[in-house]
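Read the figures in this text as sums done on the coordinates, not as results from a lab. Treat the numbers as computed from the prediction; the structure is a model and nothing was measured. Note that we place each Cβ from the backbone using ideal geometry, even for glycine, and neighbour counts take in every protein chain shown.
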Amino acid sequence: MLLEKRPGLLLIVFIVALIAFNAWRIEDWGVDGLRTYMTHTIMQTTLFDFACVLGILLVFIHRDAKQHGLTYWWILPTFPFMPTIGILLYFVVRARKLSSTSSPPA
């Protein structure tokens, strides 16, 4: 699975795609744009759905972190803005931890 084997690559692809999709409209990323995003009726419904999905994902991350002796609290500040970055960073740390514990000592 690409997520488990190459999370760093997925993180880079996500950031490049994010920049590519939004670079030409950076002027819309201001206070007025955020206010519209947060107060528009359809976005409030979408944000509720988004929060539910993040809650479910957090349950799985909590279980995975507990199973592998990892912490995950540091990804929580990314949830209101860019949760994909936090989740992918968790998997980068997870992959490094698992590869360091599975490698035989030299």
Original post:
At what distance in nm do the modelled label points of Arg6 and Ala20 sit from each other, each positioned 7 Å from its Cα along Cα→Cβ?
Top reply: 1.4 nm
**OP:** Please list, in chain and number order, the residues 5+ apart from Tyr72 or on another chain whose amide H is under 5 Å from its amide H, with Hs placed from the backbone.
**Re:** none
**OP:** Grab the other residues whose beta carbon is less than 15 angstrom from that of Val92, score K and R as +1, D and E as -1, and report the net.
**Re:** +3
**OP:** In whole Hz, with x marking every Gly and Pro, tabulate ³J(HN,Hα) for the range 19-28 from phi via Karplus 6.51 cos²θ - 1.76 cosθ + 1.60, θ = phi - 60°.
**Re:** 5, 4, 6, 10, 4, 6, 10, 4, 5, 7
**OP:** Mark the label point 7 Å from the Cα of Ile85 along Cα→Cβ and return the residues of the range 32-53 whose backbone N is within less than 17 Å of it.
**Re:** 34
Original post:
What list of ³J(HN,Hα) values in whole Hz, one per residue of the range 12-18 in order, does the Karplus curve 6.51 cos²θ - 1.76 cosθ + 1.60 (θ = phi - 60°) give from phi, with Gly and Pro shown as x?
Top reply: 5, 4, 4, 5, 4, 5, 4
Original post:
Dipole size in debye (nearest 20) for the chain around its Cα centre, Lys and Arg Cβ +1, Asp and Glu Cβ -1?
Top reply: 500 debye
Subject >> Cα extents of the chain along the three principal axes, largest first (Å) >> reply: 56, 29, 22
